[in-house]
Amino acid sequence: MSKTTQAPKALRGVGNFIDDRFHLAKTGEKNLRKVFPNHWSFMLGEIALYSFIILLVSGVFLTLWFKPSMVEVIYDGSYERLQGVPMSEAYASTLFIDFEVRGGFLVRQIHHWAALIFVASLVVHMLRVFFTGAFRKPREINWLIGVAIFMLAMIEGLFGYSLPDDLPSGMGVRILQGVILAVPLVGTYISMFLFGGEFPGEDIITRLYMLHVLAIPALLLGLIVAHFMILWHQKHTQYPGPGRTDKTVVGTPMFPGFAVKAGGFFFFTFAVIAGLSAFVQINPIHLFGPFTPTSITSGLQPDWYMGFMEGALRIFPNWFDFSIFGYAVPMGVLVPGLGIMGVVFGGLALWPFIEQWITGDKRARNVADRPRNAPVRTGVGVAMITFYGLCWLAGSNDILSETFSINLYLTTYIFRVLVILGPIVAFMVTKRICLGLQRRDRDTLEHGYESGTIRQLPSGEFIEVHKESSEETTDVLASKPVITSTALADEVDDKGVENPAARKGKGRLRRALAHWYTKDNVSFEGVEPHSGHHLHHSKDVEKESAAH
Amino acid sequence: MTEKNNNTSGAGEDTPERVVGTPTAEQSVVTEAPAAQDDHGGPYKASETHVWPEEVQRRGEKVASLWFLLAFLGGIGFLVSYFVFPVDEIADPQIGQYSNMALGGSLTLAMFGIGAGMTVWARKVMPHYEVASPYDELPSSAEEKGSFSDFFMKGADESGFTKRPLMRRTLILAMVPLGLAPIVLLRDTGPLPGDKLKNTPWEDGMRMYVEGTHRAIRAEDLENDPYGMISALPAIDDENYPHGISLNDAAKSVILLIKVPEDDWKQGMEEEIEVDGESGQRLNWTHNGIVAYSKICTHVGCPAALYERTTHRILCPCHQSTFDASDAAKVVFGPAHRPLPQLPIGVDDEGYLVARGDFTAPPGPTFWDYAKD
């Protein structure tokens with residue numbers, strides 16, 4: 001290593017200028033020394049952050065030309081096929097961006113692709129956090145902020161793709177209005193106030209525009225900043241390994257390692273989005289035509305993140321609709337349109353607290369769980385994904401029906417059954433897989449790994465030589481936590497008297513849940529690393545066999 | 001007794017499976033930092049810094065620089081593409097697409113080059129760091145907490161907030177109306193619903209236009225086609241709107257005119273309905289086998305635009321609610337709950353189809369009080 005160079009004069013000047021005013025030398029060094037654990041799955045949240053930045057920048061560019069107006073004009077722009085067609089100014093100005101601004105088409109596609117990737121990376125990032133238990137104390141609040149970001153991102157996306165006022169997106173707004181109308185008592189009022197009158201009115205694009213470019217991004221930005229400040233303060237979770245404990249984090253420091261890595265990753269994210277925008281067409285609104293409330297095309301699909309709601313609307317039957325004193329309560333709209341969303345987001349928000357209530361685990365956890373080591377949580381997560389995925393697929397049932405030549409109505413019946421059976425089966429299968437993996441972990445811990453070398457013993461017996469796993473592997477395997485619950489521990493006190501709290505309804509429920517949560521688990525108790533009897537090592541083979 | 005085979009030794013052909021997120025065996029081989037003396041001139045401890053040998057760093061520098069050069073070319077390409085395709089040519093979708101590909105492709109190259117170069121820099125030129133750092137102790141010590149709570153309560157007491165309830169309560173009282181103000185201010189965002197959702201421009205004697213045209217429909221347009229279907233709007237020519245009719249009115253008054261062969265009518269058509277105080281069977285409100293229904297689905301409001309002629313089924317392409325046109329547009333499948341409202345029709349002196357009144361029920365998505373007058 002060469003001698004450390006002294007900071008250049010200009011840099012010292014700036015540094016001193018800042019420090020004279022903010023007294024930042026110590027804080028600055030501490031933060032530049034901040035450690036980020038290394039794992040590919042920790043980059044998922046980064047993708048979300050970077051696509052959000054790309055969204056902000058590309059969105060500002062689009063606002064230079066976009067006119068959020070529903071005034072009807074006759075198009076006379078340079079896109080020939082639509083000349084003379086009546087359309088809203090919003091649609092006409094989007095055509096202007098596409099065909100009369102160089103790079104406008106590209107930036108619009110970048111904005112759309114970035115939005116899709118933003119929500120997708122949020123979802124995958126949340127799944128990572130869920131499956132590794134990274135939402136546990138002390139990070140519950142950051143999890144809640146994450147859920148809020150996810151919800152806002154979806155709404156932001158829905159409003160955003162509605163702005164061009166093309167035929168499919170206008171239909172999305174119509175469906176939104178239809179769902180609002182279904183709300184008992186106040187639905188028609190909310191709809192009238194939101195749309196400035198009847199559908200479609202002349203205000204909705206202007207209002208969605210304000211929400212899309214100002215209100216929701218401001219909220220999102222605030223929440224994202226809060227998310228990061230909390231993350232920064234609490235530090236990242238890490239996977240088990242040598243030296244990594246609930247007390248110590250091991251990884252790459254912010255400066256210089258992580259800063260450059262993360263910077264590079266930003267450019268990769270941008271490159272992927274730019275590449276998609278250059279070569280994979282998305283949302284070609286000039287082909288769809290302007291919105292009219294009286295026309296429609298078949299095979300309409302919302303952007304992917306709204307797909308699960310679309311699917312739920314398609315498959316939820318009208319059997320539960322009812323009237324009360326002549327007033328209609330269309331459950332067939334309310335349940336899929338609002339209820340499913342409530343279940344998804346409510347479930348996500350509540351899970352950390354439900355799990356904590358079941359296990360009674362109040363310790364701060366910095367080492368993430370390996371998903372297999374929390375089989376019930378992992379099972380619940382996969383069941384959730386299955387439910388979401390099936391709803392999402394059901395949102396394309398017409399396309400599935402056409403592609404695979406299945407009767408359209410039959411696909412609906414199939415999905416109605418699958419959304420109920422699928423999650424249950426997924427839960428059971430996932431849990432079994434987790435337990436199987438735990439069992440394999442125990443084997444590996446006890447016996448080492450299969451080396452692939454076959455040896456013949458003097459007795460004639462063939463054996464596969466097992467070799468000791470690395471310290472790293474052993475460490476990871478042995479780190480498996482024992483899942484317990486205080487609800488089970490308190491069942492009977494030392495005098496044999498049952499805990500009175502456990503006998504009441506809530507206590508009984510908690511005990512039942514605790515039993516469900518902890519009962520299936522491969523015990524690692526008494527397992528000593530590499531103590532297994534058939535841990536044969538090349539040079540010991542003869543010795544061992546002689547001893548037998 | 002055992003043959004060690006962990007990552008750091010790196011020897012032997014049977015390296016164990018690498019745990020994700022840890023350095024590869026190769027990376028560890030080059031760890032040369034003298035663990036004994038932790039000060040090696042770097043910002044972090046030598047034992048936490050795995051420095052690459054000079055030749056690896058030099059190669060890394062070259063590769064990274066190559067990527068940066070490529071990125072530079074990409075950036076130049078982006079600027080060139082901007083001017084190669086002039087603004088008056090991109091209106092041609094074909095040329096527009098080339099422009100899009102050239103701009104986007106060069107931008108991708110520029111971004112990817114910078115990303116790749118930085119990654120090579122971070123992975124091959126910089127050392128591999130494995131720095132340990134403590135997590136913050138949670139929670140604060142009892143002493144700190146006690147001191148804080150003591151300080152806070154003393155402050156609150158001294159301020160009078162806790163001890164002077166009159167002041168505290170009146171302050172809260174003062175906030176209440178202000179909290180309501182923003183909600184009240186939103187009142188003028190739109191009119192009250194009233195009966196707006198229940199009435200449409202249809203009235204007795206109003207002719208109908210083929211949707212998208214200003215051509216009035218004659219009964220004979222459909223009579224000669226035993227399975228015909230026309231999407232129609234009220235014949236309104238308001239100069240304020242390019243379509244002649246406002247989108248709001250179009251959205252609720254659009255209808256499907258369907259010709260149903262005599263023998264195909266089902267029992268639902270015998271139901272008695274009332275139009276402008278005049279009662280009659282649904283069938284009486286059709287004309288020569290032509291029946292009119294609202295085109296707007298009663299589920300969430302998409303136009304139910306697909307019509308299967310042989311079965312007389314009207315299908316909404318959004319959520320696949322299906323209505324039977326020959327049976328009072330009853331729901332035969334899907335999430336919709338109530339039939340498409342029927343528009344009573346007849347024919348005027350000149351043979352044009354006309355409405356005989358408004359819909360039998362409010363058209364569009366079902367809402368709370370749709371069935372109330």
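When you restrict to C-alpha pairs under 8 Å that are six or more residues apart and normalise by the size of chain B, the relative contact order lands at 11 percent. In terms of its Cα atoms, the stretch B:107-254 spans 93, 69, 31 Å along the principal axes, sorted from long to short.
On full extension, the segment bounded by A:Tyr189 and A:Gln301 gains 37.5 nm, given 0.36 nm per residue less the C-alpha separation. By the rule of a C-alpha distance below 25 Å, with chain neighbours fewer than 8 residues away ignored, the lysines paired with A:Lys467 are A:Lys480, A:Lys539, A:Lys543, B:Lys4. With the Kirkwood sum run over all distinct C-alpha pairs, chain B has a hydrodynamic radius of 30.0 Å. Against the main long axis of the alpha-carbon atoms of chain A, helix A:44-63 sits at an angle near 10°. What shape does chain A have by the C-alpha gyration tensor, where a ≥ b ≥ c are the square roots of the eigenvalues, rounded means a/c under 1.5, and otherwise prolate means a/b greater than b/c and oblate the rest? Here chain A falls in the prolate category. Against the main long axis of the alpha-carbon atoms of chain A, helix A:9-22 sits at an angle near 80°. With 32 Å as the limit on Cα-Cα distance, the pairs of A:Lys34/B:Lys124; A:Lys34/B:Lys145; A:Lys235/B:Lys62; A:Lys9/B:Lys124 that go past it are A:Lys235/B:Lys62. Across the stretch A:37-298, the mean sequence separation of Cα contacts (distance under 8 Å, 6 or more residues apart), normalised by length, yields a relative contact order of 29 percent. Taking Cα centre as origin and charging only the Cβ of basic (Lys, Arg, +1) and acidic (Asp, Glu, -1) residues, the dipole magnitude of chain B rounds to 1160 debye. Straight-line cross-link partners of B:Lys295 among the aspartates and glutamates, defined as a Cα under 15 Å from its Cα and at least 8 positions apart when in the same chain: B:Glu211, B:Asp249, B:Glu308, B:Asp324, B:Asp358. What the Cα convex hull of the stretch A:21-73 gives, in volume per residue, is 151 Å³. Between A:Glu450 and A:Lys519, the FRET efficiency from the beta-carbon distance, with R0 = 30 Å, is close to 0.45. When cysteine pairs in the protein assembly as shown are screened for C-beta atoms closer than 4.7 angstrom, the residues that find no partner are A:Cys391, A:Cys434. The charge dipole of the stretch A:37-298, taken about the Cα centre with unit charges on the Cβ atoms of Lys, Arg (+1) and Asp, Glu (-1), comes to about 1400 debye, rounded to the nearest 20. Could you compute the FRET efficiency for A:Val85 and A:Gln6, with r as their C-beta to C-beta distance and R0 at 56 Å, rounded to 0.05? With R0 = 56 Å, the Cβ-Cβ based efficiency is 0.25. Computed over the alpha-carbon pairs of the stretch A:37-298, the distance histogram in 5 Å steps reads 1, 5, 11, 15, 15, 14, 11, 9, 7, 5, 3, 2, 1, 0, 0 percent, short to long. Viscosity 0.890 mPa s, temperature 25 °C: Stokes-Einstein D of the stretch A:1-128 from its Kirkwood Cα radius, in µm² per second? D = 127 µm²/s.
Distant-in-sequence amide contacts of A:Val249, defined by a placed amide H-H separation under 5 Å and a gap of 5 or more residues or a different chain, comprise B:Ser133, B:Tyr135. Here the protein assembly as shown is assigned +1 on the Cβ of each Lys and Arg and -1 on the Cβ of each Asp and Glu. Its dipole about the Cα centre then comes out at about 3720 debye. Here the label points at B:Leu185 and A:His233, each 7 Å from Cα along the C-beta direction, are separated by 3.0 nm in the simple model. The stretch A:438-470 to the stretch A:20-56: how many Å between their Cα centroids? Between the Cα centre of the stretch A:438-470 and that of the stretch A:20-56, the gap is 44 Å. Estimated purely from DSSP H runs of n ≥ 4, each contributing -39500 (n - 2.57), the mean residue ellipticity at 222 nm for chain A is -18500 deg cm²/dmol once divided by its residues. In degrees from 0 to 90, rounded to the nearest 10, what is the angle of the helix A:140-162 Cα long axis to the longest principal axis of chain A? Approximately 30 degrees, to the nearest 10. Applying the criteria of a DSSP loop state and at most 10 other Cβ atoms within 10 Å to the chymotrypsin sites (Phe, Trp or Tyr not before Pro) of the stretch A:315-376 yields A:Trp319, A:Phe325.
The alpha carbon convex hull volume per residue for the protein assembly as shown rounds to 271 Å³. Residues whose amide H falls under 5 Å from that of B:Tyr307, counting only those 5 or more places apart or on a different chain, are B:Leu315, with hydrogens built in the peptide plane.
Note that the stretch A:183-298 carries a Kirkwood radius of 20.1 Å, evaluated over its alpha carbons pair by pair.
Derived scalar couplings between HN and Hα for the stretch A:424-438 equal 5, 4, 4, 4, 5, 5, 4, 4, 5, 4, 4, 5, x, 5, 4 Hz in order, rounded to whole Hz, by the Karplus curve 6.51 cos²θ - 1.76 cosθ + 1.60 (θ = phi - 60°), x for Gly and Pro.
Averaging Cα coordinates gives a centre for the stretch A:193-271 and one for the stretch B:262-299; these two points are 56 Å apart.
From least to most packed, judged by other beta carbons within 10 angstrom and beginning with the fewest, A:Phe288, A:Phe415 follow the order A:Phe288, A:Phe415.
Taking all Cα-Cα distances within the stretch B:208-355, those exceeding 29 Å account for 12%.
In order along the stretch A:243-259, the Karplus-derived 3J(HN,Hα) couplings, from 6.51 cos²θ - 1.76 cosθ + 1.60 at θ = phi - 60°, round to x, 9, 9, 5, 9, 10, 9, 10, x, 8, x, 3, 10, x, x, 5, 4 Hz, and Gly and Pro are given as x. Normalised by the number of residues in the stretch B:208-355, the mean separation of alpha-carbon contacts (under 8 Å, six or more apart) gives a relative contact order of 22 percent. With θ taken as phi - 60° and the Karplus curve 6.51 cos²θ - 1.76 cosθ + 1.60 applied, the whole-hertz 3J(HN,Hα) list for the stretch B:264-276 is 8, 4, 10, 4, x, 6, 7, 4, 7, 10, 10, 10, 6 Hz, x standing for glycine and proline. Centre-to-centre separation between the Cα atoms of the stretch A:321-342 and those of the stretch A:94-139: 32 Å.
Every number here is computed from the coordinates shown, using simple stated rules; none is lab data. In this text, all values refer to a predicted model and were calculated from it rather than measured experimentally. All Cβ positions, even for glycine, are placed from backbone atoms using ideal geometry, and neighbour counts span all protein chains on display.
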